[in-house]
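Below you'll find the structure, written out as structure tokens, and then a few comments.
The values are calculated or read from the model by the stated rules, or taken from the named source; none is laboratory data. Predicted, not measured: the structure shown is a model, and the values here were computed from it. Positions of Cβ are backbone-derived with ideal geometry, glycine not excepted, and every protein chain shown enters the neighbour counts. Remember, those area values only see protein heavy atoms, side chains included, never the ligands or the DNA or RNA. Shrake-Rupley method; radii C 1.70, N 1.55, O 1.52, S 1.80 Å.
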Amino acid sequence: HSLAAGIIPKTGQYIKGIGQALTTVQVANGLTGVIPILLHNVSNAGVHDLTLDCNKANTTGGNHGIYVNAGSANMTGIDIRRVNVINSLQSGVAAIAYPATYSISGILEDVSASGNSGQGIFVQSAQSLQIVRPVCTGNGASGLNIIASSAFKISEPVCNANTSHGITVNNASTDFSITSAHCNGSTAGYGIAISVACKNFTVSSPTCNS
């Protein structure tokens, strides 16, 4: 399926394929500045069961592949599952609340992000977000980068062979946990990097090798 313009689901709407290996949506050649899938100031919405190819080799000025953006309302019930995002000029999946008076909550489950120029998954100012079994490999920055967020859980992440850290948590994030992480082969960073400004967190059973 070729994507000629961005998709913007409304509250209560879900974009659904029939599986990562069976449904591929590719951004069309020659597009400039497109956001392939934008969830903006909505709740109870998401993306399931597909591969999104952002086609960075044949587009310019691209944005995040799946962009969850709370700019004027809190977003709850965001549900992104069994999705593979590749070849974005920025992050594969980004969940950003700005200004920070707003927040994003929900679940990212079995999300894969690889070959993106930025982070695999980037999260800013989220609250109570669950990130379950993400696979972030071969991205141009960190596999997972979480900033200024609270009460989130990252379980069983695989963040290998990214340019920066496997997992980065900073900007005074609080009350979070990272469980059973596998973060190996970062080319210019650590397996897991957590800022000294972060508080009240646990990291259990990690595997981090060069």
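General remarks:
- The set of residues from the stretch 167-205 being of a type outside the set (Val, Ile, Thr) and in contact with a His (Cβ under 8 Å, 6 or more places away or on another chain) comprises Cys183, Ser186, Gly189, Tyr190, Gly191, Ala193.
- Tabulated pairs, the stretch 8-34, first closer than 19 Å to Ile107 by Cβ, second among the aromatic types (Phe, Trp, Tyr) and in a loop (DSSP other than H, G, I, E, B), C-beta under 8 angstrom, 6+ apart or interchain: none
- Matching residues in the stretch 192-210 - criterion: being exposed (fewer than 11 other Cβ atoms within 10 Å of the Cβ) and β-branched (Val, Ile, Thr): Val196, Thr202
- The set of residues in the stretch 159-175 that are aliphatic (A, V, I, L, M) and crowded, with 19+ Cβ neighbours inside 10 Å comprises Ile167, Val169.
- Close pairs (6 angstrom Cβ cut-off, 6 or more residues apart or separate chains): under 18 Å from Val158 (Cα atoms) and free of Cβ contacts under 8 Å to residues at least 60 places away in the same chain in the stretch 75-88, among the small types (Gly, Ala, Ser) and open to solvent by 30 Å² or more (accessible area, probe 1.4 Å) anywhere: Ile86/Ser114
- Entry remark, the stretch 85-113: residues being farther than 17 Å from Ile167 by Cα, crowded, with 21+ Cβ neighbours inside 10 Å, of a type outside the set (A, V, I, L, M, F, W, C) and out of contact with any His (no Cβ under 8 Å at 6 or more places or on another chain) number 2 in total.
- Top-ranked residue of the stretch 35-52 - restricted to ones that are aliphatic (A, V, I, L, M), touching a strand residue (DSSP E or B) at 6+ places or on another chain (Cβ under 6 Å) and part of a loop (DSSP other than H, G, I, E, B), ranked as most open to solvent (accessible area, probe 1.4 Å): Ile35
- Residues of the stretch 55-74 satisfying the condition of being touching a residue at least 40 places away in the same chain (Cβ under 8 Å), under 15 Å from the mean Cα position of the chain (by Cα) and open to solvent by 10 Å² or more (accessible area, probe 1.4 Å): His64
- Residue in the stretch 30-39 that is touching a helix residue (DSSP H, G or I) at 6+ places or on another chain (Cβ under 9 Å) and not aromatic (Phe, Trp, Tyr) present: yes
- In summary, Arg82 fulfils each of the numbered conditions (1) open to solvent by less than 10 Å² (accessible area, probe 1.4 Å); (2) in a strand (DSSP E or B) with the single exception of condition (1).
- Single condition Phe122 does not satisfy, out of (1) of a type in the set (A, V, I, L, M, F, W, C); (2) without any contact (Cβ under 8 Å) to a residue 40 or more places away in the chain; (3) within 21 Å of Gly189 (Cα to Cα): (2)
- Pairs with Cβ under 8 Å, 6+ apart, first in the stretch 182-193 and at positive phi, second at pLDDT below 90 and open to solvent by 40 Å² or more (accessible area, probe 1.4 Å): Gly185/Asn209; Gly185/Ser210
- Top-ranked residue in the stretch 1-22 [being in a strand (DSSP E or B) and of a type outside the set (Lys, Arg); ranked as nearest to Leu50 (Cα to Cα)]: Ile15
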